[in-house]
Amino acid sequence: MLLGDNNGDGKFNAIDLLKLARHLADIDKNLKNEFLYACNVYKDELVNQSDLLKMARVLSGIENF
């Protein structure tokens, strides 16, 4: 699975970022298993706002995974 791709469509894009933001805000808790693991961009066993920020920075072209 592609890092950041939490909907399994083979691409990392703004939709993945939005899904993680909704998950972290307790709006939509549908991210589970490998899809939630794909959001763990720091590979520290935690999926949190730091991962969301890193994903946003990657999408903006400021950083790479």
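The values are calculated or read from the model by the stated rules, or taken from the named source; none is laboratory data. Everything numeric in this text was worked out from a predicted model, so none of it was measured. FYI the Cβ positions are ideal-geometry reconstructions off the backbone, even for glycines, and counts take in every protein chain you see. Ligands, DNA and RNA are stripped out before the accessible areas are found, and what is left, the full protein with its side chains, is counted by its heavy atoms. Shrake-Rupley method; radii C 1.70, N 1.55, O 1.52, S 1.80 Å.
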(request) Answer with yes or no whether TYR37 is surrounded by 15 or more Cβ atoms within 10 Å (Cβ to Cβ) and out of contact with any Leu (no Cβ under 7 Å at 6 or more places or on another chain). (result) yes
(message) Looking at LYS54, LYS11, LYS19, can you tell me which residue is of a type in the set (Lys, Arg) and exposed (fewer than 12 other Cβ atoms within 10 Å of the Cβ)?
(response) LYS11
(message) Out of everything in region 22-34 that is out of contact with any Leu (no Cβ under 8 Å at 6 or more places or on another chain) and among the hydrophobic types (A, V, I, L, M, F, W, C), what residue ends up being most open to solvent (accessible area, probe 1.4 Å)?
(response) ILE27
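So for region 46-65 (the condition being of a type in the set (Val, Ile, Thr) and either touching a residue at least 40 places away in the same chain (Cβ under 8 Å) or on the phi > 0 side of the Ramachandran plot (or both)), does at least one residue qualify? Break it down stepwise before answering.
Initial filter on region 46-65 (of a type in the set (Val, Ile, Thr)): 47, 58, 62.
Going one step further and asking which of them are either touching a residue at least 40 places away in the same chain (Cβ under 8 Å) or on the phi > 0 side of the Ramachandran plot (or both), we end up with 58.
Scanning region 46-65 turns up at least one residue that is of a type in the set (Val, Ile, Thr) and either touching a residue at least 40 places away in the same chain (Cβ under 8 Å) or on the phi > 0 side of the Ramachandran plot (or both).
State the number of residues belonging to region 10-65 that are within 12 Å of the chain's Cα centre (by Cα) and in a loop (DSSP other than H, G, I, E, B). Walk me through it before giving the result.
So the first thing to find is which residues in region 10-65 are within 12 Å of the chain's Cα centre (by Cα), and the list is 11-24, 31-32, 34-43, 46-59, 65.
If we keep only those that are in a loop (DSSP other than H, G, I, E, B) too, we end up with 11-13, 31-32, 38-43, 46-48, 65.
The number of residues fulfilling the criteria is 15.
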